[in-house]
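Comments concern the structure below.
The values are calculated or read from the model by the stated rules, or taken from the named source; none is laboratory data. Since the structure is predicted, the reported quantities are computational estimates derived from the model, not experimental observations. All Cβ positions, glycine included, derive from the backbone under ideal geometry; neighbour counts span all protein chains shown.
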């Protein structure tokens, strides 16, 4: 199995998983390894738990999350989003 296919399969399994304990175990496992990220063939390392977001970006995310929680934002069911992606891109 190639690496990209394995990544997709793992992501699908994580998305489908409803076992909070298992998800926390996976999260802890992934946090224990420094991430190796590759973009434009230039590798660089990302330290676990370190944010690359600016304070402005964090504030924007905070406001959007608060808007979501207060039902001020328009939201869609995951099944609808997934169906739209399937329709548009054939995934």
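Odds and ends about this structure:
- Pairs where the first residue, in region 27-54, is within 18 Å of residue 10 (Cα to Cα) and the second is assigned to a loop (DSSP other than H, G, I, E, B) and modelled with pLDDT of 65 or more, C-beta under 9 Å, 6+ apart: 30/48; 31/48; 31/49; 32/48; 33/48; 35/47; 35/48
- Condition check for residue 63: at pLDDT 90 or above, within 26 Å of residue 30 (Cα to Cα) and out of contact with any strand residue (DSSP E or B) (no Cβ under 8 Å at 6 or more places or on another chain): no
- Considering residues of region 34-60 that are assigned to a loop (DSSP other than H, G, I, E, B) and at pLDDT 80 or above only, the residue nearest to residue 7 (Cα to Cα): 52
- Residue pairs meeting the criteria (Cβ under 9 Å; at least 6 apart or on separate chains; first surrounded by 10 or more Cβ atoms within 10 Å (Cβ to Cβ), in region 76-91; second modelled with pLDDT under 90): 82/91; 84/76; 85/91
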